[in-house]
1. List the DSSP H helices in chain B whose Cα atoms stretch 24 Å or more along the helix axis and whose mean Kyte-Doolittle hydropathy is at least -0.5.
2. Please compute the contact order of segment A:14-399 in relative form: average sequence separation of alpha-carbon pairs under 8 Å and at least six residues apart, divided by the residue count, as a percent.
3. Rounded to two decimals, what is Rg over Rh for segment B:131-173 when you use alpha-carbon atoms and the Kirkwood radius?
4. Tell me whether segment A:400-482 comes out rounded, prolate or oblate; compute the Cα gyration tensor, take square roots of the eigenvalues as a ≥ b ≥ c, and use a/c under 1.5 as the rounded threshold.
5. Go from 0 up to the bin containing the longest alpha carbon distance in segment A:14-399, width 10 Å each, and give me the % of pairs per bin.
6. Hey, what's the Cα Rg ratio for segment B:49-201 versus the globular rule of thumb, 2.2 N^0.38 Å?
7. Using only alpha carbon pairs under 8 Å that are at least six residues apart, calculate the relative contact order of segment B:4-275 and give it in whole percent.
8. Can you figure out the FRET efficiency of A:Asn433 with A:Tyr537, using R₀ = 56 Å and their beta-carbon distance, to the nearest 0.05?
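What follows draws every value from the coordinates through simple rules; no lab data is involved. Because the structure is a prediction, the values reported are computed rather than measured. Quick reminder, even Gly has a Cβ in these numbers, built from the backbone with ideal geometry, and neighbours come from all protein chains shown.
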Amino acid sequence: MTDQIHPWTAFYGPSVRKTIDAPAYRTIGDFVSATAELYGDRPAFTVCLPNGMNGTLSYAQADEMSDAMAVYLREIAGLTTGDRVAIQMPNCLAYPIAAMAVFKAGCVVVNVNPLYTAEEMAKQFADAQPAAIFVVDMFADKLVETMQGHPIPNVIVTRIAEYMPAMPRGIVGLVQKYWDKTIKPITIPHIRLPDAVKAGRAKHAQTHNALEGYRRAIEPDDVACLQYTGGTTGVSKGAMLTHANILMNMEQTMELIEQFEKGKEVALTALPLYHVFAFTVNFLGMFSQGAQNILIPNPRPLSNLKRAFENYKITWISGVNTLFNGLNGEIWFQDTPPKHLKFASSGGMALQGSVAEQWETLTGRPVLEGYGLTESSPILTFNPYGKSRVNSIGVPLPSTEVKCVDEDGVDVPQGDPGELIARGPQIMKGYWNMPEETAKTLQNGWLLTGDVGVMDEDGYFRIVDRKKDMILVSGFNVYPNEIEDTLAAHPGVDEVAVIGVPDGASGEAVKAFIVKRDETLDQNAIRAYCKEHLTAYKVPKSVTFRDELPKSNVGKILRKDLRAEEQTKVENA
Amino acid sequence: MVGPLEQAILALMIFVIMLGMGASLTPRDFTLALKRPYGLMIGVVSQYGFMPLIGFILATTLPVSDTIKIGILIMACMPGGTTSNIFTYFSKGNLALSVLMTVTSTVFGVILIPLVLVLYAGALDLDIPRENIIATLVLLLVPVAIGMVLRKLNANVGAVTEFMGSMLAIFFILFLIVSWIPRNWEFLLTTTWATYFGSIVLGLFGFALGYGFSALLRLHPRNARTVALETGIQNGPLAIAIIAFTFAGTEAQAVMAVPVLYSLFIVITSTMLTLWFRQVNTANEQPLPNGLL
């Protein structure tokens, strides 16, 4: 019965549970402590800088420090259960301590993009009303401006080199301060993270059962994270992800992946941990595996990853299409691809077939594409190892239902495109302070993804495109993804984005924006190439060459920005 | 002109710099270079083909004494200087290529320098003690090897050594210039225009030929900038050290004139070139999103 409705379960490995009834732990804090108990002195997090300088925290250290920090937050900073705590830093050793501490304290993590402008920060803070913030020294100067409207009572300042050995830490600090001049004086009252840990540790020694008290005060269905989303769609909304949402999604994802060996993996985390994919899969998921997590503070330029690949036996890496495409093009990566890699995972945006193929030729290992939304903590589907398909987002995770529906919410026949909707234990509780938005997105227990997809005959899913990115050319539906994928396979094309622009004759016309790899490439060559591979109405009517395409902070190409540019042009004309 | 204290500092400086350079390298870098030797070969050709030739032409055409001629030749035959790496970094060139070119030109130098030097010196009828030069060059590789081992044993120690190497290099150069100029004012005033000319032009021609050659072979502008700096910037301190170990007394002082002047002026010309390079082209990194990815 179940297998008829959920045909995809046939592709699960023999040891994969088809449904997972409940998470193995009540809260994320419990999960952290129990896992740390298991792996003790094994390295949990290693920060690796472009020149190879590094520092490591063991499982036991991360657990102990986050305990102390939790006590600090509650007993010294005076926070209570459910208070929001902003975390704004690139990948570094302070990140896991801060996030784990917030969970243990029974508070709510609010991930903030460190590159946000003061204005963007102010908006997010106005909505989330955080009672404390962990911020990296490089960006703390923006807080002054941000906090004028929304004061945050507790500011805990950290730095990239936090908890690295003294010598490299000192050098990094000096270079940042006097050479790069990226650290400006902090004029607001604050405490340094190691001081807060120390204070919390001392307090913890006096108050014996403090942590137990915070723990008891929260339930699995309490909000653990306010994960802001909407970078590519406009209005920023805080998705309320509960402890159970996140723990379940972590477990569902790890359940499907049978290749990980507990206590043996080395993960490369080049994606920022504040991004929901890295948060659930890299940060918590790899923690659950007893893996060593190599944290990269800044993967730009990509040569920053060279030392990490040299110095660690990386067995798994996650990234977005842009990262894989970039690495494929790096000479040092081509010459010495990682030897110990088992596979790579891709998410966040469509993985282009040509990029995946090139990666597999180069490393001998596949990139498995997954799919999900912030609202689903985030993973909904993934390609199972050994059964992955090009241009497919794979099969739904255990305990996850996905289907395609039409405009009226009625199931479309298998093989027809329709909006993807999903149901499962990882679906958010709703948007923070936005009941109307919540009602639009969550209907009868289903999450409306806004993506148009197709379920193949045996249960694999494909994304056709974002519902609102679809181009209507003389009544034909054209999906930009398809054209982008075709163009990306052209050897002279580095990056491409396709949008629809108003057109008198056809209603809308296809327009391509291309970053060239081959300087001699011109519009005619592109159109000729498209004519060879695509039906006539899909061939871009115009092609614009650019040096760069607008992208979000995680590297997603922003079609909406290109559309806005075109819109302005039309208005000005 | 260059006293015992300065010579000791130079020797220490070279040791530290080479140690730092070794610490920035892994065996992987060499495999990488050997797999794609095109850029490196261009480097070696400009380093040991063009530069000695420029030196030879300058030595034959300029009205200078034999000792100055030897100075020009030795300076022209030196491997790439480590300061080229710093300038490459600031002109947004290819740092990895720069470091590798410096190292390979130093390694190849053990054989090539005495060879070219003897060849051109023979043509000019000058006497060059090549055994001493070979010994100095071989000694130079010891700290490189130590640096590489340090990097292998502990990435943090390696990175700190690498950093200290480049920092100390800058410090030493500044110290030498500041302490040396006032005490040698008279030397500077009495030196002939031809000696000045040779010392300055050697680097400038090196830049131009290095860039022209790479551009001709259609190297990426980033790499062309790197080769230009690498070709023009010679290892001045090494030349001074070699002369100090090889020649004696007043002869040593006279031979050193060109390397000393070259080392002074190359800092200025490289800075100017770097500023120009930065202006001409700064946007050649892989276009990645303006975020943390």
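1. Correct list, ordered by number: B:4-23, B:95-124, B:130-153, B:155-183, B:193-216, B:249-280.
2. Relative contact order of segment A:14-399: 18 percent.
3. 1.10
4. oblate
5. Whole-percent P(r) values from 0 Å outward: 5, 24, 35, 26, 9, 1.
6. That works out to 1.20 for segment B:49-201.
7. Normalised by residue count, the contact order of segment B:4-275 is 35 percent.
8. 0.80
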